[in-house]
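Inspection log for the structure reproduced underneath, given as structure tokens.
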Protein chains: 2
Amino acid sequence: MNVTTLQTIADIINVSRSTVSRVLNNKWERYGISRVTADKITVLAKDLNYLKNDTARSLREKKTFTIGVIVRDITNPFYSHIIKFVERALYAKGYTIIICNTGYDLDRESSLINSLISRRVDGIILSPIQKSIENISIIKFRNVPLVLFDCNIDGMKADYVLVDNEAGTMEAIEYLISQGHKEIVYIGGNSYDSNNRLRYAAYRKSMQLASLSIHKNYVKHGRYTFKHGYDSATEILRSKNVPTAFFTANNRIMLGACKGIMDCGLQIPDDISIIGFDDFETATMLPNPLTVIRQPVQEMALNAVALLLSRVDKTNNIPYVTSLLKTELVIRNSTKDIN
Amino acid sequence: MNVTTLQTIADIINVSRSTVSRVLNNKWERYGISRVTADKITVLAKDLNYLKNDTARSLREKKTFTIGVIVRDITNPFYSHIIKFVERALYAKGYTIIICNTGYDLDRESSLINSLISRRVDGIILSPIQKSIENISIIKFRNVPLVLFDCNIDGMKADYVLVDNEAGTMEAIEYLISQGHKEIVYIGGNSYDSNNRLRYAAYRKSMQLASLSIHKNYVKHGRYTFKHGYDSATEILRSKNVPTAFFTANNRIMLGACKGIMDCGLQIPDDISIIGFDDFETATMLPNPLTVIRQPVQEMALNAVALLLSRVDKTNNIPYVTSLLKTELVIRNSTKDIN
DNA sequence: GATAATTCCGCCATCGATTGCGTAGAATTT
DNA sequence: AAATTCTACGCAATCGATGGCGGAATTATC
């Protein structure tokens, strides 16, 4: 049950633990330790299966080589892919990540943040809930390096990694309009969510630019869930005014809407066209592959990591950066030209 | 930039840090500290935003309240759901989880395990690759509590959380047979993977029990990927012997196979029936909702957590436990009765 | 032979929190 | 008044690794 520590090794070879530490950290030359001693230590450490104690090292160094990553929903492929890339990039730099899932719960987010700070993580990558302003303030108050992604918090100066929601949405809506659609539905997320607000604003802007009016029943805000997409779609399709196209604000809503459309006995894209935010694996699996707005997931992850590490490494006061990435309209086959 | 420590508080109130520690850990009564002092300390700690330093505590207590969770592919919904439930359950018990993604890479798994042990995690939940035996030995050698899930390693005694692959597969195959299918394809994962081996064996057994022969081109082992499913399905469907039903060993393969079937111009379930392992969100989204074998994800997660914590808490030597959970055949509409 | 220059490494404080053991002073008992 | 019992804490060691400063021992130089 006894674990090998520096002292164990030091005692056997009859040197001090400083010497052992220096050797095992490859600093023996700098400290003028003879090759003979160094070799003895190296060999013995291997024989004893010595593994450094990171908690001790962290305490002493005031650095844990740990990054906290907080997302809203780990089961959403958008986030799980982000996590995958973030983990990979950070691991390559010697960091470990602690992943937290808020499930869009503000209290939970707050408590997770406190826990991460208690653990003295070297930085936090956070996909905040819109109302997270106070939680975020705590992080800043503690001077913990922070990168926010996927959500803009009004009035909160910080480093951000975001996509250009406006351009992405407008490209999609204009594409629909170019195909002759005039009755376009918007099914979005929480009305206070920044992504949703921006996407909605862009939708309105595009419609306005084309002098198209928006039927008031054609806008549904709600949760980013399958159910919301499904319910909204069926409600609209069962009303007397039936639109020709749908725009959905995320992958879950899109899936729900598709299902709703199909359950109403309508075909995509023959009866209804649809475009949504987020690409995902099964987008190509529906009877007609879905046209989507792809977010550059890997790039977002890498940018977030790079931004964070630049804060972690240097104590410099770079001005806050917002990395605004472009989306891509992936045209498949879920819209129909009705001109 | 200075952080509040116990000493900071102690100095201001003129007590020792022991006293502060005892108060903040709610042990002041036990140590006979007056309520007056206790209150002063509590109030001041709040005023100064004191947050305990977990690295220090971990070092002293030889306990980190951290659990490592290693999965093969975090972007697979099966694992991301497991993680979600594991995280939630452990968080409720005061633990934080470090998530690692091996991507089916053995070296990476080894290196991740070492890193977790260096960090002195209190336990590890591992979804191993089949060849992980040496990696696992390291964990056992270090005496780190361990639960393996989703994969059985031959000859490795340990705590396991598994599903009953045999019963689950047989139920599915027998269901197909009961519908009159005789030509049933098996598209599986890596031939050395225990899940795949068991599922394959069960498939053979069911076929044999029904006195059905297995065409040698009707068995495809490979990677657990969309591509493998797609390629296998199209290859088989383009050959001269066309089967009537497919069995697929996981969600990714199933999706690929479905796409392959559709791309060959065939309909599910009219032309081809299909059943696969793993339930997933989009299973209901295809033209015809997919009949699948559902693994009890939440139960698996909770069992793994419970098992692990029982090892962490007590130093007792409970004999190894294998928690074998039942699957459920979720009948939707991807198979056709051809009797 | 004495001093200077190397070579090689140890001492000890430090990071922050957590107890086991002990004790000063007040209160109470005999 | 002496002895005993409480009350209310403090002291100091400990967890394991790190690094500044210093110094003994050996070799080189004059």
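The values are calculated or read from the model by the stated rules, or taken from the named source; none is laboratory data. On a predicted model such as this, the values are computed, not experimentally measured, just so you know. Every residue, glycine as well, gets a Cβ built from its backbone with ideal geometry; the counts of neighbours run over all protein chains shown. When the accessible area is computed, the model is the full protein with side chains, heavy atoms only, and any ligands, DNA or RNA have been set aside. Shrake-Rupley method; radii C 1.70, N 1.55, O 1.52, S 1.80 Å.
At a glance:
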read-out	value
Residue-by-residue Karplus 3J(HN,Hα) for region B:236-244, coefficients 6.51, -1.76, 1.60, Hz, glycine and proline x	5, 6, 8, 7, 7, 8, 9, x, 10
Relative contact order %, region A:165-295, counting alpha carbon pairs below 8 Å whose residues are six or more apart	25 percent
Extension gain from B:Lys227 to B:Ile214, taking 0.36 nm per residue of separation minus the Cα-Cα distance	2.4 nm
Estimated inter-spin distance, A:Asp47 and A:Asp11, nm [label 7 Å along Cα→Cβ]	1.6 nm
Vicinal HN-Hα couplings computed from phi for region B:328-339 (Karplus, 6.51 cos²θ - 1.76 cosθ + 1.60; Hz; Gly/Pro x)	9, 7, 9, 8, 10, 9, 10, 10, 10, 7, 10, 5
Cα gyration tensor of region B:1-143 - equivalent ellipsoid semi-axes, whole Å, descending	41, 16, 13
Other-chain or far-sequence residues with amide H under 5 Å of B:Val219's (modelled H)	B:Tyr186
Average other protein chain Cβ within 10 Å of Cβ, residues B:75-82	4
Where region B:6-52 is the region considered: accessible area per residue in Å², 1.4 Å probe	66 Å²
Unit charges at the beta carbon, dipole of chain B: most positive-side option, B:Tyr160, B:Asn143, B:Ala306	B:Asn143
Among B:Leu266, B:His221, B:Ile129 the positive-end extreme of the charge dipole of chain B (Cβ point charges)	B:Ile129
For B:Cys100, residues with placed amide H under 5 Å, excluding near neighbours	B:Val69, B:Ile70, B:Val71
Helical contribution to [θ] at 222 nm, DSSP H n ≥ 4, -39,500 (n - 2.57), averaged over chain B, rounded to 500	-13500 deg cm²/dmol
Label-point separation, A:Lys131 to A:Glu29 (7 Å along Cα→Cβ), nm	5.9 nm
Rounded Å value of the spacing that divides the Cα centres of region A:137-178 and region B:288-325	39 Å
Radius of gyration, Dmax [region A:165-295; alpha carbons; angstrom]	13.0, 35
Label-to-label distance, nm, for residues given as A:Asp105 and B:Leu329 (7 Å Cα→Cβ offset)	3.7 nm
GNM top mover of B:Tyr203, B:Tyr50, B:Tyr79 - chain B, alpha-carbon springs below 10 Å	B:Tyr50
Per-residue HN-Hα couplings for region A:105-115 [Karplus 6.51, -1.76, 1.60; θ = phi - 60°; Hz; x = Gly/Pro]	9, 5, 5, 5, 4, 4, 5, 5, 5, 4, 4
5 angstrom amide H check on A:Ile74, placed H, neighbours 5+ away	A:Gly103
Debye, to nearest 20: dipole size of the protein assembly as shown, +1 on Lys, Arg Cβ, -1 on Asp, Glu Cβ	2400 debye
Gain upon complete extension [A:Ile138, A:Asp39; 0.36 nm per residue less C-alpha separation]	30.9 nm
Unsatisfied cross-links (Cα-Cα over 21 Å) in the set A:Lys84/B:Lys62; A:Lys46/B:Lys140; A:Lys131/A:Lys157; A:Lys63/B:Lys62	A:Lys84/B:Lys62
Relative contact order %, chain B, counting alpha carbon pairs below 8 Å whose residues are six or more apart	16 percent
Counting DSSP beta bridges with both ends in the protein assembly as shown, the antiparallel % (nearest 5)	10 percent
Calculated over the protein assembly as shown: convex hull of Cα atoms, volume per residue (Å³)	192 Å³
Student exercise, region B:165-295 dipole from Lys, Arg, Asp, Glu Cβ charges, in Debye to nearest 20	460 debye
Inter-copy label distances at A:Glu61 (7 Å, Cα→Cβ; nm, one decimal)	2.3
Shielding by other protein chains, B:222-235, mean Cβ within 10 Å	0
Translational D in µm²/s for chain A (Stokes-Einstein at 25 °C, 0.890 mPa s, Kirkwood Rh from C-alpha pairs)	108 µm²/s
For region A:61-134 and region B:194-250, distance of Cα centres in Å	41 Å
Antiparallel DSSP beta bridges within chain B, as percent of all bridges there, nearest 5	10 percent
Farthest positive-ward along chain A dipole, Cα basis, beta-carbon charges - from A:Ala201, A:Asn53, A:Leu116	A:Asn53
Stokes-Einstein translational diffusion, region A:6-52 - Kirkwood Rh over all Cα pairs, 1.567 mPa s, 4 °C, in µm²/s	127 µm²/s
Distances in nm from A:Val321 to the matching label points in the other copies, shortest first (labels 7 Å along Cα to Cβ)	4.9
With Cα atoms, 0 to 90° folded angle of helix A:35-47 axis to chain A main axis	60 degrees
Candidate lysines - alpha carbon under 19 Å from A:Lys40, same-chain residues fewer than 8 apart omitted	A:Lys27, A:Lys52
Chain B: angle of helix B:297-313 to the longest principal axis, Cα-based, in degrees nearest 10	40 degrees
Principal axis dimensions, largest first and in whole angstrom, of region B:70-169 by Cα	40, 31, 23
Interface B:A - total buried accessible surface [probe 1.4 Å, Å², rounded to 100]	5000 Å²
Cα-based convex hull, region A:104-234, per residue volume (Å³, whole number)	118 Å³
Relative contact order for region B:1-65, counting Cα pairs under 8 Å that sit 6 or more residues apart, in percent	30 percent
Peptide-level mean, for B:279-288, of C-beta atoms on other protein chains within 10 Å	5
Reachable lysines, given that their alpha-carbon falls under 23 Å from the alpha-carbon of B:Lys216 and they are not under 8 places away in the same chain	B:Lys182, B:Lys205, B:Lys227, B:Lys240, B:Lys259
Within the accessible area of region A:165-295 (1.4 Å probe), percent carbon and sulfur	48 percent
